[in-house]
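**Q** Mind looking over this structure? Questions follow.
The values are calculated or read from the model by the stated rules, or taken from the named source; none is laboratory data. Predicted model only: the values in this text are computed from it and were never measured. We place every Cβ from the backbone using ideal geometry, glycine too, and count neighbours over all the protein chains shown. Side chains are part of the model used for accessible areas, which takes the heavy atoms of the whole protein and leaves out ligands, DNA and RNA. Shrake-Rupley method; radii C 1.70, N 1.55, O 1.52, S 1.80 Å.
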Amino acid sequence: MDEEEYVCSFCKCYSFLSRYVCKKSGKVMCLLHAGAYECCDSKESDRYAGAAHDHILSLRMTDKELKAMVQKVVDRAKLPEAWAQKVDDYLGQEPRPSLKILRSLLNEGERIPFDIPQLADLKRYVERCNEWVEEATIYITRKQQNRAKGKPSRKKSTVAESDERDKELRNFENMQKLLATADEIHFDCPEYKTLREREADINDFKAKAVAICMGQQHHPRSTQEIEEVFELGKGLNIDLPELENLEKLLNHVKWLDEAHTRPVHLQTLQEVDVFINRGLEIGIPETNPHILRLRDARTQGEYWEAKAKEIMSVENVHYQQLDALSKQAAGLPVTAETLARVDAILKKQREAQEKILALYQQSKNPDFRSRPMYKDVRDVMASLEELNNKPAGTVDLEKEQRRHEDWMRRGKKLFGKANAPLHILHQHMNLVKERNDACFELRDKPRMPVEPSSREHTPELDTKNNFPDVFCLCRRPEAGMMIECELCHEW
Ligand SMILES: [Zn+2]
Ligand SMILES: [Zn+2]
Ligand SMILES: [Zn+2]
């Protein structure tokens, strides 16, 4: 439609919501001038009545619609005020307003397209709370972070930085300060509750730790109990003097437990030494009976060690002493290697002794064929020289050996080989035996003298089947150069 059709013909005002149109003249009027203004030749009363339907009053909307619209506008206009009222009401009724509700209020306020003076204040307030929550979250989640870290790829400076930060976070006072700040800001949130619970846990642990440390002299707790509380404290991941004290106490108690339960003679000298030093390091006093007892055992062990080394170093080892030392070692902390060396020597010695005894017994056997061979005895005697010692029975066996050697000497003399070595005697004895066998050969029957079968070759000996021709005095087959007998002329 044209603008013309909305403008009052009389006053030229814009008639948007309602207008009056004269069909006769096509003129438009506002409601102030409708009827009164002479738009056509109809009577004024007729124009007002509109009875002839030639004058029309048109409305853009109903009264109801209009009122609703007005109400809407009014409501919209009231929004900032209503919001501010809501905020005031909430803050007024809640001594510790919840951050969650504050945040949603802020969100709501920000959506109102109007510059509300209270909004900026609320925003500042919520931001402060958010900052606090951020910091509190670090305290709360630090446990998990600690477990996850340990990657060595980080740079030194950042490690130092994070260590510094970690130290701050491990400080209980910082945590308490943070809680105090939340009280000051005056608001509530789940993180605050969590942090307060942690604080309560820490205080609870502190009380327990103090009770244990103070009461240990009169009511000593079991190691397990102390350890449980200590683990609890460690799990808090906070630096506390109470935790340090409890750790000291725990180390003490554990050391004492160990001192009670670990028999000193079942430990090596080194272990005892380490154990004493560990005790002194964790602050066990030098006058502690366990320290005194262990030190005494250590001194004895060291003395044993020196003694064992001394005995083993001399040329003729004194076995009775060594044996006594070996027995003594069962009740002392000693070096495992030294004891092994001592026992090895003793074992060798015992073995040699057993061998000697066995050989001696064997040499007394009535059946001389069951007696030991000279070589075996000589080998054992030679091995004794390595041992630097003569175990019991050696002298007897030596006597037997000498008897045997005397017998052999007599044999050598008998066969004219007094100065020859044994293998020459052996050779000679074999020769004698052979000659003897030839002389007493049963197959050698009396016969007429014969000539050797050949002058050139020595015939192959075949003693099994064919007894060879044997000759005159030596009763041996033809061999090398033969000499004719003057009497029988046999070879
Ligand atoms: Zn008008
Ligand atoms: Zn008219
Ligand atoms: Zn002859």
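**Q** Take the conditions aliphatic (A, V, I, L, M), more than 16 Å from ligand 2 (Cβ to nearest atom) and open to solvent by 70 Å² or more (accessible area, probe 1.4 Å) and apply them to residue 69. Does it pass?
**A** yes
**Q** Now a separate question. Can you tell me which condition residue 403 does not meet? The list is (1) in contact with an Asp or Glu (Cβ under 8 Å, 6 or more places away or on another chain); (2) modelled with pLDDT of 85 or more, and all the others hold.
**A** All conditions are met except number (1).
**Q** Same structure, new question: Sort through 131, 184, 168 and tell me the only one that's at pLDDT 90 or above, not assigned by TED's automatic domain parsing to the domain that holds residue 238 and not basic (Lys, Arg).
**A** The unique qualifying residue is 131.
**Q** Here's a follow-up. Checking residue 316 against (1) open to solvent by 40 Å² or more (accessible area, probe 1.4 Å); (2) in contact with a helix residue (DSSP H, G or I) (Cβ under 9 Å, 6 or more places away or on another chain); (3) touching a residue at least 40 places away in the same chain (Cβ under 8 Å), which single condition isn't satisfied?
**A** (2)
**Q** OK, next. When you look at residue 480, is it away from ligand 3 (no atom under 16 Å from the Cβ), exposed (fewer than 14 other Cβ atoms within 10 Å of the Cβ), at pLDDT 75 or above and small (Gly, Ala, Ser), yes or no?
**A** When the stated conditions are applied, residue 480 does not pass them.
**Q** Ok, one more. If residue 365 satisfies every condition in (1) surrounded by 10 or more Cβ atoms within 10 Å (Cβ to Cβ); (2) at pLDDT below 85; (3) out of contact with any helix residue (DSSP H, G or I) (no Cβ under 6 Å at 6 or more places or on another chain); (4) in a loop (DSSP other than H, G, I, E, B) but one, which is the exception?
**A** Against the list (1) surrounded by 10 or more Cβ atoms within 10 Å (Cβ to Cβ); (2) at pLDDT below 85; (3) out of contact with any helix residue (DSSP H, G or I) (no Cβ under 6 Å at 6 or more places or on another chain); (4) in a loop (DSSP other than H, G, I, E, B), residue 365 comes up short only on (2).
Here's the yes/no breakdown for (1) over 60 Å from the mean Cα position of the chain (by Cα); (2) in the same structural domain as residue 118 (by TED's automatic domain parsing); (3) within 30 Å of residue 115 (Cβ to Cβ); (4) in a loop (DSSP other than H, G, I, E, B):
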position	(1), (2), (3), (4)
12	yes, no, no, yes
21	yes, no, no, no
37	yes, no, no, yes
56	yes, no, no, no
71	yes, no, yes, no
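**Q** Going residue by residue through region 8-20, is there one that turns out to be touching a residue at least 40 places away in the same chain (Cβ under 8 Å) and open to solvent by 70 Å² or more (accessible area, probe 1.4 Å)?
**A** Checked region 8-20: at least one residue is touching a residue at least 40 places away in the same chain (Cβ under 8 Å) and open to solvent by 70 Å² or more (accessible area, probe 1.4 Å).
**Q** I need the full set of residues from region 100-118 which are at pLDDT 90 or above and among the hydrophobic types (A, V, I, L, M, F, W, C), in order please.
**A** If the condition is that a residue be at pLDDT 90 or above and among the hydrophobic types (A, V, I, L, M, F, W, C), then 101, 102, 105, 106 are the ones that fit.
**Q** If you don't mind, another one. Consider residue 445 carefully, then state whether it is farther than 27 Å from residue 314 by Cβ and at pLDDT below 85.
**A** For residue 445, the condition - farther than 27 Å from residue 314 by Cβ and at pLDDT below 85 - is met.
**Q** Any residue that is hydroxyl-bearing (Ser, Thr, Tyr), loosely packed, with under 15 Cβ neighbours inside 10 Å and touching a residue at least 24 places away in the same chain (Cβ under 8 Å) - is there at least one of those in region 375-395?
**A** Looking for residues that are hydroxyl-bearing (Ser, Thr, Tyr), loosely packed, with under 15 Cβ neighbours inside 10 Å and touching a residue at least 24 places away in the same chain (Cβ under 8 Å), one finds at least one in region 375-395, hence yes.
**Q** Taking region 23-53 on its own, how many of its residues are open to solvent by 30 Å² or more (accessible area, probe 1.4 Å), touching a residue at least 24 places away in the same chain (Cβ under 8 Å) and within 9 Å of ligand 2 (Cβ to nearest atom)?
**A** Here the count works out to 3.
**Q** For residue 413, only one of the following conditions fails: (1) closer than 30 Å to residue 375 by Cβ; (2) among the basic types (Lys, Arg); (3) modelled with pLDDT under 80. What is its number?
**A** Only one criterion in (1) closer than 30 Å to residue 375 by Cβ; (2) among the basic types (Lys, Arg); (3) modelled with pLDDT under 80 is unmet by residue 413, namely (3).
**Q** With respect to residue 196, determine if the residue is assigned to a loop (DSSP other than H, G, I, E, B), charged (D, E, K, R) and open to solvent by 30 Å² or more (accessible area, probe 1.4 Å).
**A** No.
**Q** For region 243-268, how many residues meet the condition of being open to solvent by 80 Å² or more (accessible area, probe 1.4 Å) and hydrophobic (A, V, I, L, M, F, W, C)?
**A** 1
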